[in-house]
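Below is one structure, written out as structure tokens; comments come after it.
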Amino acid sequence: MKKFSKHQPQTQTDADHLDPAKPCETAKGAVTRSPMRTATTQQIFTVAPGVDTLTLLNQACENLASMNVLIANFAGKLEGSNRKVLLSIQQLAAVTELLVNQARENLDPRSDAPDAQPPTRH
């Protein structure tokens, strides 16, 4: 068993790396964190440029449908005014999903829709 004396140099522990006041070591050198700056959601999450509108609307529709189900499930576990507020949020999500679906339909009408009859010419 190895014994440590008071005169041996201290080594850094994992907890030392978690201290936000201490610099983080990277391959390029030390990087310090700025406690005053907070990144916005838009700075963290971005949509790749050049994605077509229909793809964006499809993804938005899927996200809204998932959110609708999650909210409805959670609202089922609540009672009273909290349930009413959550169901109102769920209704907004459902209406927004309908709007996105209509915008998607306007951009790319479904191919399964019956074709219009060509005009009759005499």
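The values are calculated or read from the model by the stated rules, or taken from the named source; none is laboratory data. Just so we're clear, the structure is a prediction, and the values are computed from it rather than from any experiment. When we count neighbours, we look across all protein chains shown, and the Cβ atoms used for this are built from the backbone with ideal geometry, even at glycine.
So that you can scan it fast, the table gives a plain yes or no per residue for (1) surrounded by 11 or more Cβ atoms within 10 Å (Cβ to Cβ); (2) closer than 13 Å to CYS61 by Cα; (3) at pLDDT below 95; (4) of a type in the set (A, V, I, L, M, F, W, C):
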{"position": "LYS77", "(1), (2), (3), (4)": "no, no, yes, no"}
{"position": "SER81", "(1), (2), (3), (4)": "no, no, yes, no"}
{"position": "GLN91", "(1), (2), (3), (4)": "yes, no, yes, no"}
{"position": "ARG104", "(1), (2), (3), (4)": "yes, yes, yes, no"}
{"position": "SER111", "(1), (2), (3), (4)": "no, no, yes, no"}
Long-range neighbours under 9 Å by Cβ, at least six apart or interchain, first residue in a loop (DSSP other than H, G, I, E, B) within region 71-83, second of a type in the set (D, E, K, R) and surrounded by 13 or more Cβ atoms within 10 Å (Cβ to Cβ)
GLY76/ARG83; LYS77/ARG83
